[in-house]
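Inspection log for the structure reproduced underneath, given as structure tokens.
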Amino acid sequence: FPIDITFKSTNPFGWPQIVLSVYGPDFFGHDVVRGYGAVHVPFTPGRHKRTIPMFVPESTSRLQQFTSWFTGRRPEFTDPRVVAQGEGREVTRVRSQGFVTISFNIM
């Protein structure tokens, strides 16, 4: 999807990131999260290709896993900033879920 954005900054700390949330149907037809991922936007002119590793949160107990399977509701992040920031994620149980390749054309 083409995105046209202009940024101006005097400090590259916390440079803009693109956060991806991929959704799709499960076995029962419910729309569930298939993966989360984030990548920093390149700031040098040219064409850039980035491969983003995707992950999904997992339940911490067997009871929660059974309940999420039974109800069709898997664990999700309510705030997309959790994906872009590192703090607080060290205690979150996640599972790798493939890759997404994104292409940037920076002018």
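The values are calculated or read from the model by the stated rules, or taken from the named source; none is laboratory data. For clarity, every value in this text was computed on a predicted model and none was experimentally measured. We place every Cβ from the backbone using ideal geometry, glycine too, and count neighbours over all the protein chains shown. Quick note on the areas: whole protein, heavy atoms, side chains included, nothing else; ligands and nucleic acids left out. Shrake-Rupley method; radii C 1.70, N 1.55, O 1.52, S 1.80 Å.
Details
- Positions within the range 57-79 being open to solvent by 70 Å² or more (accessible area, probe 1.4 Å) and either touching a strand residue (DSSP E or B) at 6+ places or on another chain (Cβ under 9 Å) or in contact (Cβ under 8 Å) with a residue 24 or more places away in the chain (or both), in sequence order: Thr60, Arg73, Arg74
- Residue that is least open to solvent (accessible area, probe 1.4 Å), among those in the range 21-56 that are assigned to a strand (DSSP E or B) and among the aromatic types (Phe, Trp, Tyr): Tyr36
- Looking only at the range 77-107, and only at residues there that are among the polar types (S, T, N, Q) and modelled with pLDDT of 80 or more, the one that is farthest from Tyr36 (Cα to Cα): Asn105
- For the range 57-76, the count of residues that are assigned to a strand (DSSP E or B) and either touching an Asp or Glu at 6+ places or on another chain (Cβ under 6 Å) or modelled with pLDDT of 80 or more (or both) is nonzero.
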